[in-house]
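Enquirer: After the C-alpha cells below, expect a handful of questions from me.
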Amino acid sequence: MAKRTKPRGDNGSERWRPRGGYLRGWLADHVRVASDTTLFISQRMLSSLLVWLMVGVALTLPGLLWIAHSNLQTFSQQWQGNAGLTVYMKLNASDAAVADMGERLRQRANITRVEATTPEQALQQMLAQSGDSEFLRQAVVAVETNPLPASFAVVLDTGTSFLALEALRRQLLPESGVDDVVIETTWLERLRDLSDFASRVGAGLSIMLLLAAVMVAFASVRIAIESRLGELRVLALIGATPAQMRRPFLYFGSAYGIGGGFVAIVLIAVFLNQIEAPLLSLAVSYQVGVQIAGFTSPFLLVMLLLGWLLGVLGALLALSQRTPSA
Amino acid sequence: MSFLQLQHVSRRFDNGSQGLANVSVSIEQGSMVFLTGHSGAGKSTLLKMLIGAEQPTSGRVLVDGSDVSRLGSKQMPWFRRQVGVVLQDHNLLEDRSVFDNVALPLRITHLRAKDIERRVRGALSTVDLSNKGHLFPRHLSTGEQQRVGIARAVVNRPRIILADEPTGNLDPYLSRQVIALFHQFRDLGSTVLVASHDIDLIKDQGCRILHLSQGELVQDTANLEQAAD
Ligand SMILES: Nc1ncnc2c1ncn2[C@@H]1O[C@H](COP(=O)(O)OP(=O)(O)OP(=O)(O)O)[C@@H](O)[C@H]1O
Ligand SMILES: [Mg+2]
C-alpha cells in the first residue's frame with residue numbers, strides 16, 4: 001500500500017517545514033473545522049440551544065435599548081407632536097379684551113383648538129388639583145379677589161415645529177391684555193431627561209450583560225476544551241499545529257456568539273411586535289405619531305457581528321486559560 | 001550517519017523514579033530495531049523522547065541531526081507528521097468511527113477527500129479491518145483497537161515509525177502480521193523502532209534488539225555481533 005518515502009539528505013531542523021500550499025492548506029483546514037463544528041454542535045443540540053438562549057437573552061436588552069435610544073433621539077429631533085402653548089391674560093384685562101383675544105386666536109391658521117379658561121374655572125381647577133386643601137380655600141377667601149388670570153390653551157396643528165411655536169409666542173406677547181405666553185413642552189422635556197437618564201443606566205446594564213454573554217461563551221468553550229483533552233493529546237502527537245488545535249474552539253465561540261445574536265434578533269422582533277399596539281394607543285393619547293424604527297438590516301447585521309465578536313472573545317479567554325498542547 | 005541518536009540521555013521524573021539512565025544509542029536510517037525489557041525498564045520513555053513528548057533531563061536526542069527537544073512550536077508539528085506513533089494505550093477517539101480515527105493524520109495535512117478515502121481503506125486492509133471502518137472503537141475488541149492505532153500510525157507513510165507494544169493484545173498470528181507490516185515499511189525506507197517484551201516474537205526477526213533494564217541499556221545485539229566478529 002505504501003509508496004516510497006524518500007529519505008532526504010539535508011541537515012538541520014530546517015527540513016521540518018510545510019511543503020508549500022499554505023493558502024490551500026489554510027482554507028482546507030477551515031473547511032475541516034467548520035464541518036467538525038457542525039457535527040460537535042449538532043451532537044449536543046440541547047446544551048447548544050441552552051448556550052444560544054443564554055447569549056441571546058444577554059444580547060436582547062442591549063439591542064432593545066439601542067432601538068429605544070435611537071427612536072427617542074429621532075423622535076425629539078424631528079418633533080412632530082401637536083405643539084401647544086398657553087396664553088395668560090393680565091389680571092386686569094377686561095372681559096372684552098379676553099373675548100377679543102379668544103376670537104383672534106381662533107381665526108389664526110395652523111391652530112387646531114383653543115380652550116378658554118376663566119379665572120373662576122382656573123380657581124376651581126387649582127382647588128381641585130390641590131385636593132380641596134382647606135388652607136388654600138381660606139387663603140383665597142382672605143385675599144377676597146381671585147389671584148388667577150384668564151388663559152387660553154392653544155393646540156396647534158400636527159407638524160408645527162418649535163420655531164413656528166416660538167414665532168407665535170413672540171407675536172402674541174406684545175398684544176394688549178397678554179401677560180405671558182408659555183410653550184407647553186414639559187412632557188417632551190421630561191421625556192428627554194428620562195431618556196438621558198435611561199440611556200446612562202442602559203449603557204451600564206448593557207455592558208454588564210455583554211460581559212455576561214462573553215462569560216457564557218467562555219464557560220461553554222472551556223467545557224468543550226476539557227471534553228476534548230484526549231483528542232488534543234492525539235492531535236498534538238500526530239502533528240497538528242497549535243493553530244489547528246485552537247481553531248475548533250474559536251469556531252465554537254463564533255457559533256455560540258452568532259447563534260446568540262440570532263436568538264436576540266428573534267426575541268427583539270417578538271418584543272417589538274408585542275409592544276407596538278399599546279405604544280400606538282399611548283402615542284394617540286399624546287396626539288403624536290409614532291413608528292418604531294431601527295429594526296433594519298444593518299441593525300440585524302450589527303447584532304450578529306456583536307454576538308460573533310463576544311463569542312470569539314469568550315473562546316480566546318478560554319484558550320488563554322487552557323491552551324491545547326501536547 | 002545515524003538517523004536516530006541518543007547521546008547520554010537520562011530522564012529522572014519529579015517523583016524521583018529514573019526513566020532512563022545515561023543511554024547512548026545510534027540507529028541507522030531504514031533499519032528496524034526492537035526495544036525490549038521488563039515493565040518499567042524505560043521503553044515508553046525512550047520512544048516518547050524521540051517524538052518530543054518527553055524531555056531528557058540530560059543528554060541529547062537527535063533525529064536526522066536535529067535536537068528534538070529544541071524544535072520550536074513551528075517545527076514540531078511538521079516533524080511529528082513524518083513520524084507514525086503507536087501508543088501503548090492506543091488513544092483512539094471514542095466519538096469517531098474507525099475510519100475517521102485512521103483518517104486523522106491525513107485530515108490535518110489537507111489531502112483531498114478521495115485520496116484520504118483510498119489511503120485509509122488501504123491502511124485498514126493491511127491490519128485486517130477492511131469491513132470495520134464504520135464502527136466505533138467501543139464496538140471493537142482490544143486487539144482490533146490496537147490494530148486501528150497501527151493503521152493510524154502508518155496511514156501517513158511516515159519516515160519514522162515508533163510503536164509501543166503494538167502486539168500487546170494480539171494473538172501470535174496477528175502479531176506476526178503486524179511485524180511483517182513494519183518490515184514492509186522498513187523495506188520502503190522507513191526507520192522502525194518497536195518496543196515489545198514479547199521475546200519469542202522478536203528474537204527470530206533478524207533485527208537488532210536493544211535491551212533496557214531499570215533505565216539502562218544493558219544489551220545491544222549489534223554490539224554482540226561486533227564482538228562475535
Ligand atoms: N510521568 C511519569 N512520572 C513519574 N514516573 C514515570 C513517568 N513515566 C514513567 N515513569 C517511570 O519511569 C520508569 C520507566 O517507565 P516506562 O513507561 O518507560 O516503562 P516501560 O518500559 O514502558 O514499561 P511497560 O513495559 O510497563 O510499558 C518507570 O519506573 C515509571 O514508573
Ligand atoms: Mg511502556
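The values are calculated or read from the model by the stated rules, or taken from the named source; none is laboratory data. In this text the structure is predicted, and so the values were computed from the model without any measurement. Because the Cβ atoms are built from the backbone with ideal geometry, glycine has one as well, and the counts that use them run over all protein chains shown. In case anyone asks, the SASA skips ligands and DNA or RNA and just uses the protein heavy atoms, side chains included. Shrake-Rupley method; radii C 1.70, N 1.55, O 1.52, S 1.80 Å.
Enquirer: For the range B:181-196, take each phi angle, set θ = phi - 60°, evaluate the Karplus expression 6.51 cos²θ - 1.76 cosθ + 1.60, and give the result in whole Hz per residue in order, putting x for glycine and proline.
Expert: 4, 5, 4, 4, 5, 4, 5, 7, x, 6, 9, 10, 10, 10, 8, 7
Enquirer: Calculate the mean, over all residues of peptide B:101-107, of how many other protein chain Cβ atoms lie within 10 angstrom of the residue's Cβ.
Expert: Average neighbour count from other chains, rounded to a whole number: 3.
Enquirer: Given the range A:194-263, report the % of alpha carbon pairs whose separation exceeds 21 Å. Walk me through the intermediate numbers first.
Expert: Working: 1089 of 2415 pairs.
Counting pairs separated by more than 21 Å, the tail of P(r) holds 45 percent.
Enquirer: Can you tell me the order of A:59-68, A:146-155, A:310-319 when each peptide is scored by its average per-residue count of other Cβ atoms within 10 angstrom, highest first?
Expert: Numbers: A:59-68: 20.9, A:146-155: 19.1, A:310-319: 23.5.
Highest mean packing first, the order is A:310-319, A:59-68, A:146-155.
Enquirer: Another question, if that's okay. Could you give me the ³J(HN,Hα) list for the range B:133-144, computed from phi with Karplus coefficients 6.51, -1.76, 1.60 and θ = phi - 60°, whole Hz, x at Gly and Pro?
Expert: Once rounded to whole Hz, the list reads x, 7, 7, 9, x, 5, 8, 10, 6, 4, x, 5.
Enquirer: Let me ask something else. Give the average, rounded to an integer, of partner chain Cβ atoms located within 10 angstrom of each Cβ in B:72-79.
Expert: 6
Enquirer: May I pose another question? Need one value for B:62-69: mean number of C-beta atoms belonging to other chains within 10 Å of its residues' C-beta atoms. Provide the component values of the computation, followed by the final result.
Expert: Details: counts 0, 2, 9, 5, 6, 1, 2, 0.
Mean shielding count: 3.
Enquirer: Considering amide H positions built from the backbone, and no H for Pro or chain starts, which residues 5 or more places from B:Val86, or on another chain, come under 5 Å of its amide H?
Expert: So B:Val86 has HN proximity to B:Leu162, B:Ala163, B:Asp164.
Enquirer: Let me ask another. In percent, what relative contact order does the range A:84-184 have, based on Cα pairs under 8 Å that are 6 or more apart in sequence? Spell out each step's value before the answer.
Expert: Numbers: 130 pairs, mean separation 52.9, N = 101.
Computed value for the range A:84-184: 52 percent relative contact order.
Enquirer: Taking the Cα of B:Arg138, stepping 7 Å toward and past its beta carbon, and measuring to each backbone N in the range B:87-111: which are under 15 Å?
Expert: Once the point is set 7 Å along Cα→Cβ of B:Arg138, B:92-98 turn out to lie under 15 Å by backbone N, inside the range B:87-111.
Enquirer: Taking amide H positions as placed in the peptide plane 1.01 Å from N, state which residues far from B:Ser213 in sequence (5 or more) or on other chains have amide H under 5 Å from it.
Expert: Close amide H contacts, sequence-distant or interchain: B:Val218.
Enquirer: Amide H neighbours of B:Val33 under 5 Å, at least 5 residues apart or on other chains, H built in the peptide plane: list them.
Expert: Answer set, sorted by chain and number: B:Val192, B:Leu193, B:Val194.
Enquirer: Considering the Cα trace of the range A:210-312, what is its radius of gyration and what is Dmax, both in angstroms?
Expert: Both quantities, over Cα of the range A:210-312: 20.7, 72 Å.
Enquirer: So how much accessible area does B:Lys48 have, in Å² to the nearest 10, using a 1.4 Å probe?
Expert: 90
Enquirer: Here's a follow-up. Could you state how much accessible area B:Thr142 has, in square angstrom rounded to the nearest 10, with a 1.4 Å probe and all protein chains kept in place?
Expert: Per-residue accessible area (B:Thr142): approximately 70 Å².
Enquirer: Count the lysine pairs in the protein assembly as shown whose Cα atoms lie under 22 Å apart, taking only pairs 8 or more positions apart in sequence or on different chains.
Expert: Taking the Cα cut-off of 22 Å, the pair count is 4.
Enquirer: With θ set to phi - 60° and the Karplus curve 6.51 cos²θ - 1.76 cosθ + 1.60, what are the ³J(HN,Hα) couplings of the range A:34-44 in order, to the nearest whole Hz, using x for Gly and Pro?
Expert: Rounded to whole hertz, the list is 4, 5, 4, 5, 4, 5, 4, 6, 6, 6, 10.
Enquirer: Work the Kirkwood hydrodynamic radius out for the range B:108-198: mean of 1/r over every pair of different alpha-carbon atoms, inverted, in Å.
Expert: Here the Kirkwood hydrodynamic radius works out to 13.7 Å.
Enquirer: Continuing with this model, one more query. Evaluate Rg over Rh across the protein assembly as shown, taking Cα atoms for both radii and Kirkwood's formula for Rh.
Expert: That ratio equals 1.35.
Enquirer: Same structure, new question: If you build the convex hull over the alpha carbons only and average its shadow over all orientations, what do you get for chain B? Give it in nm² to one decimal.
Expert: 13.1
Enquirer: Please state, to two decimals, what the Cα-based radius of gyration of the range B:1-107 comes to when divided by 2.2 N^0.38 Å (N = residues).
Expert: 1.17
Enquirer: Output the peptides B:61-68, A:246-253, B:194-201, A:266-273 sorted from most to least packed, where packing is the average of other Cβ atoms within 10 Å over each peptide's residues.
Expert: A:246-253, B:61-68, B:194-201, A:266-273
Enquirer: While we're on this one: Rounded to whole Å and sorted largest first, what semi-axes of the equivalent ellipsoid does the C-alpha gyration tensor of the range A:84-184 yield via the square root of 5 times each eigenvalue?
Expert: Numbers: eigenvalues 155, 47, 24 Å².
Computed over the range A:84-184, the values are 28, 15, 11 Å.
Enquirer: Relative contact order of the range B:34-149: what whole-number percent is it, with Cα pairs under 8 angstrom and at least 6 residues apart?
Expert: 23
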